Amino acid sequence: MALALENVSKHFGSLVAIKNLSLSFDVGSIYSIIGPNGAGKSTVVNMIAGSYSVTSGTIRLGNTALNKLPKHRIARLGVARTYQNLRLFDAMTVLENLEVCFFPQAWPGLLTGAKRMGKAERLAICRACLERFHLSDVAESLAGDLPYGRQKMLELARAFVTEAPIVLLDEPAAGLNHTETKDMAAMIASLKRADRAIILVEHDMDMVMSISDRIDVLNYGELLCSGTPELVRTNEKVQEAYLGTTEELDDIRKLAQSRRAQGGLRTNAGLVRH
Ligand SMILES: Nc1ncnc2c1ncn2[C@@H]1O[C@H](COP(=O)(O)OP(=O)(O)OP(=O)(O)O)[C@@H](O)[C@H]1O
Ligand SMILES: [Mg+2]
């Protein structure tokens with residue numbers, strides 16, 4: 001099943017968050033969308049999942065235009081997602097957090113392309129999923145009581161439990177330490193399947209470079225560059241978008257040197273656009 005954005009734009013009042021963006025994704029691959037803060041990455045995820053309407057253009061899943069559909073219908077069609085900020089049900093158990101994914105109408109905006117099934121079958125699937133994501137030991141714990149790293153893993157599990165063909169992951173490694181990030185990368189890589197497209201938004205470049213088949217770089221809502229990790233790593237425009245031009249970098253270095261001489265420099269602010 002293929003997902004395509006055709007000339008999609010998104011305006012928030014006078015702000016153009018996404019401008020004429022065309023991208024297509026097919027099952028069988030891991031895609032990463034990267035770009036500086038505010039580039040429009042989450043907006044793309046939110047438009048595909050139906051959390052944001054598109055201002056113009058079309059988003060298609062196979063032959064179906066998703067634009068006008070409510071998000072629970074998009075979920076039913078097979079689009080699952082995680083959120084940039086955790087959205088677990090803290091007062092429910094880990095197991096229950098998976099079970100709710102089978103009721104997208106009851107939890108609009110959540111996940112799933114799930115078929116209808118009985119409770120026993122549903123529970124068996126959820127328990128197998130917990131095993132897969134190394135969460136079986138906390139199945140009956142409240143999600144809110146888990147350490148943050150395991151909450152992120154639970155959020156990931158929720159996006160996969162219904163076997164949706166399109167899975168959108170918005171910053172699964174945000175806030176994780178080095179070891180947790182490596183575990184998360186290995187887990188996501190292991191979830192690649194011929195009948196599934198994984199679309200990853202992520203700032204951790206080690207993760208992105210190591211597991212992506214294609215990387216799409218956004219800058220100010222436009223596609224800056226698209227290609228293999230190797231191509232993107234060496235692309236000059238990408239380096240500029242992240243780090244500034246050579247001249248800007250020189251200026252920053254000079255500033256850093258003079259501040260250091262005064263004993264005052266603490267941060268590398270300016271290297272990341274906010
Ligand atoms: N609901 C909204 N209302 C108004 N402006 C928004 C809204 N959502 C996003 N924006 C704006 O759209 C632009 C793109 O935001 P978006 O969240 O998609 O960026 P991002 O690439 O995900 O950034 P980050 O890496 O910080 O998560 C930003 O300028 C942001 O302020
Ligand atoms: Mg974002």
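Which number in (1) open to solvent by 90 Å² or more (accessible area, probe 1.4 Å); (2) over 23 Å from SER210 (Cα atoms); (3) at pLDDT 90 or above marks the one condition that GLY221 misses?
(1) is the only condition that GLY221 fails.
Considering every residue within segment 202-215, establish whether at least one is part of a strand (DSSP E or B) and within 13 Å of ligand 1 (Cβ to nearest atom).
no
Could you list, in sequence order, the residues of segment 36-45 that are more than 10 Å from ligand 2 (Cβ to nearest atom) and on the phi > 0 side of the Ramachandran plot?
Selection gives nothing.
Is there a residue in segment 52-63 that is within 16 Å of ligand 1 (Cβ to nearest atom), of a type outside the set (S, T, N, Q) and closer than 23 Å to ARG193 by Cβ?
Within segment 52-63 (the criterion being within 16 Å of ligand 1 (Cβ to nearest atom), of a type outside the set (S, T, N, Q) and closer than 23 Å to ARG193 by Cβ), the answer is yes, since at least one residue qualifies.
Quick one: in segment 82-137, which of the residues that are among the β-branched types (Val, Ile, Thr) and part of a helix (DSSP H, G or I) is modelled with the lowest pLDDT?
Within segment 82-137, the match that is modelled with the lowest pLDDT is VAL100.
Could you check SER42 against (1) of a type in the set (Ser, Thr, Tyr); (2) more than 30 Å from LEU142 (Cβ to Cβ); (3) open to solvent by 10 Å² or more (accessible area, probe 1.4 Å) and say which number it fails?
Unmet for SER42, out of (1) of a type in the set (Ser, Thr, Tyr); (2) more than 30 Å from LEU142 (Cβ to Cβ); (3) open to solvent by 10 Å² or more (accessible area, probe 1.4 Å): (2).
Go over the candidates ILE59, ILE48, ILE33, ILE18 one by one and state the one that is out of contact with any Phe, Trp or Tyr (no Cβ under 8 Å at 6 or more places or on another chain), modelled with pLDDT of 95 or more, within 16 Å of ligand 2 (Cβ to nearest atom) and over 30 Å from GLY149 (Cα atoms).
ILE18
With ASN7, ASN37, ASN20 as the choices, which residue is within 13 Å of ligand 1 (Cβ to nearest atom) and open to solvent by 50 Å² or more (accessible area, probe 1.4 Å)?
ASN37
Could you tell me whether any residue of segment 70-83 is under 26 Å from LEU142 (Cβ atoms), in the same structural domain as LEU200 (by TED's automatic domain parsing) and of a type in the set (A, V, I, L, M)?
There is at least one residue in segment 70-83 that is under 26 Å from LEU142 (Cβ atoms), in the same structural domain as LEU200 (by TED's automatic domain parsing) and of a type in the set (A, V, I, L, M).
Output the qualifying pairs, or none if there are none: Cβ atoms under 6 angstrom, residues six or more apart or on different chains, first residue in segment 17-41 and assigned to a loop (DSSP other than H, G, I, E, B), second residue polar (S, T, N, Q).
Filtered contacts from segment 17-41: GLY35/ASN219; ALA39/ASN219.
Kindly indicate the residue of segment 224-274 that is open to solvent by 70 Å² or more (accessible area, probe 1.4 Å) and within 16 Å of ligand 1 (Cβ to nearest atom) and also modelled with the highest pLDDT among those meeting that condition.
Here the residue is LEU243.
Does VAL27 satisfy the criteria of being in the same structural domain as VAL138 (by TED's automatic domain parsing), out of contact with any helix residue (DSSP H, G or I) (no Cβ under 8 Å at 6 or more places or on another chain), within 30 Å of SER210 (Cα to Cα) and within 16 Å of ligand 2 (Cβ to nearest atom)?
Spelling it out, it is not the case that VAL27 is in the same structural domain as VAL138 (by TED's automatic domain parsing), out of contact with any helix residue (DSSP H, G or I) (no Cβ under 8 Å at 6 or more places or on another chain), within 30 Å of SER210 (Cα to Cα) and within 16 Å of ligand 2 (Cβ to nearest atom).
When both residues are 6+ apart or on different chains and their Cβ atoms are under 8 Å apart, which pairs have a first residue that lies in segment 210-238 and is in contact (Cβ under 8 Å) with a residue 40 or more places away in the chain, and a second that is acidic (Asp, Glu) and within 16 Å of ligand 2 (Cβ to nearest atom)?
Filtered contacts from segment 210-238: LEU223/ASP216; SER226/ASP216.
The values are calculated or read from the model by the stated rules, or taken from the named source; none is laboratory data. Quantities reported herein were computed from a predicted structural model and do not represent experimental measurements. Please note: Cβ atoms are built from the backbone with ideal geometry, for glycine as well, and neighbour counts cover all protein chains shown. SASA here: full protein model, heavy atoms, side chains in, ligands and nucleic acids out. Shrake-Rupley method; radii C 1.70, N 1.55, O 1.52, S 1.80 Å.
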